[in-house]
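As structure tokens, the structure follows; a few thoughts come after it.
The values are calculated or read from the model by the stated rules, or taken from the named source; none is laboratory data. Because the structure is predicted, anything quoted here is derived from the model rather than measured. Methodologically, a virtual Cβ is constructed for each residue, glycine included, from the backbone with ideal geometry; neighbour enumeration extends over all protein chains shown. Ligands, DNA and RNA are stripped out before the accessible areas are found, and what is left, the full protein with its side chains, is counted by its heavy atoms. Shrake-Rupley method; radii C 1.70, N 1.55, O 1.52, S 1.80 Å.
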Amino acid sequence: MACRSGCCCGSSGPINEDNARFLLLALFIILYLLCGAAVFSALEQPKEREAKTRWEQRFEHFSQKHNLSTRDLRNFLRSYEEANVAGIRVDTVRPRWDFTGAFYFVGTVVSTIGFGMTTPATIGGKIFLMFYGLLGCAATILFFNLFLERVITVIAFVLKSFHERRRNKAVLPQNGRRASEGEKVGGAEAGAVGKREELAGWKPSVYCVMFILGAAAILVSCCASLMYSAAEGWGYLDSLYFCFVAFSTIGFGDMVSSQRISYEGHATAAYRVGNFFFILTGVCCIYSLFNVISIVIKQVLNWLLRRLEASCHCCFPRRGPHRHPRRNVVAPGHLRARRDPSIETDAINESETDPGRRMSGEMISMRDFLAANKVNLAIMQKQLSEMAVGHPRQSGGSCSHQNGFSGGVGALGIMNNRLAETSVDR
């Protein structure tokens, strides 16, 4: 059946759901970048022009006042810029490359904040940074992922406890007679079993988790802003701006904390420890919040795809009774009928849901990664064993040859079998 507004896909056939979601997300990001560029250009360009005009006037006035040529003055300013890159400032600041300064630098490297106020100037430092950052950034991202799993575990435990307590209060005796001891024990056991079965697959709502993480990020940012306002002398809004730039690992470098040698009226050591604690906690909270927000964005994309399917049947395949369950949903497999989305990833065995491809969950945990590796390792060991005794696997052989994919051994055999199953499935 043709589209009401004409076919938009030509003769290429229906668009794959994952490809359609990718294209929608790419289009959204492009529009988001264009809108952001327009807003920032309108807000910041007049200020830039004003500063440029004021600087040219001061430059001309200074050169005339001290009888300096423009060329000599520009060369002097270039020399200062080179010194500024090495960490030299007009005001007295803490040493950049003593142990504490270097520790602050490597913290900004592995956390991917990268303020830019300190950069290696030697060839050896630049080469070492490439290898150091490669391992350090990967380890830190893994730490953030594990932190997110534990935060979600704690949130799920607390919310599940409240949910269970609310259900216990809602259960009332159906009659007023007094039950015997046997009935009490039997009823308690049956109720416990039913309650465990009912709450076994219960997962917190993604919107509830997003609200809790957002509240935690706001609380940490507000408390850190109070500390930065008192210690650094910044305005409170400037401190909030610094907190978001630092916690989100954007790290412009226009405002950097803990750069003075000492802080009058404040315990310098205590402030440096507090600065480290707030940056670490804030980065973990914002990173976790970004992951949960990405799930919500994915749900919006799925909703847009459903709307597009309803209006354009030739570009998007119709969901029939033999179609596999919708991928990338948030709830686990046995809870897909629920409307309230869950925070858990749909890490289910591929053979039970979508043969030929791993389900792309919203948040990939190390448990899912190791489980998938165990399945692939078991398949590879079985193939090697069967090939060693001279009895290759027969299941799926006909469809494999029919679709032009040979068997193979090990990882190549797994890939060929996946390709064969995918071609049959599609």
### Message
Taking the solvent-accessible surface of protein heavy atoms with a 1.4 Å probe, what is the per residue accessible area of region 203-295 in Å²?
### Response
45 Å²
### Message
Sort 72-83, 18-29, 212-223 by the packing proxy (mean of other Cβ within 10 Å over each peptide's residues), most packed first.
### Response
212-223, 18-29, 72-83
### Message
Let's test this: bin the Cα-Cα distances of region 78-145 at 10 Å from zero up to the farthest pair and state each bin's percent.
### Response
19, 48, 25, 7, 0
### Message
What FRET efficiency comes out for Trp55 versus Asn16 if R0 is 56 angstrom and r is the Cβ-Cβ distance? Round to the nearest 0.05.
### Response
0.55
### Task
Calculate, for region 54-110, the solvent-accessible area per residue in square angstrom, rolling a 1.4 angstrom probe over the heavy atoms of the protein chains.
79 Å²
### Query
Could you give the semi-axes, largest first, of the ellipsoid that matches region 19-90, computed as the square roots of 5 times the alpha carbon gyration tensor eigenvalues and rounded to whole Å?
43, 18, 9
### Message
Show me, for region 214-228, the HN-Hα J-couplings you get by feeding each phi into the Karplus relation (A = 6.51, B = -1.76, C = 1.60, θ = phi - 60°), rounded to Hz, glycine and proline as x.
### Response
x, 5, 5, 5, 5, 4, 5, 5, 5, 5, 5, 5, 4, 5, 5
### In Hz, Karplus ³J(HN,Hα) per residue of region 155-167 (6.51, -1.76, 1.60; θ = phi - 60°; x = Gly, Pro)
4, 5, 5, 5, 5, 5, 5, 5, 5, 5, 5, 5, 6
### Query
So for the pair Leu31, Phe277, with labels modelled 7 Å out along Cα→Cβ, what separation do we get in nm?
4.5 nm
### Task
Tally up the carbon and sulfur contribution to the accessible surface of region 19-90 as a whole percent, 1.4 Å probe, everything protein left in place.
62 percent
### Query
Measuring from label point to label point, each 7 Å out along Cα→Cβ, what is the Asp91 to Thr122 span in nm?
3.0 nm
### Task
Mind giving me the nanometre distance, one decimal, between the label points for Ser311 and Ala215, set 7 Å out from Cα along Cα→Cβ?
3.8 nm
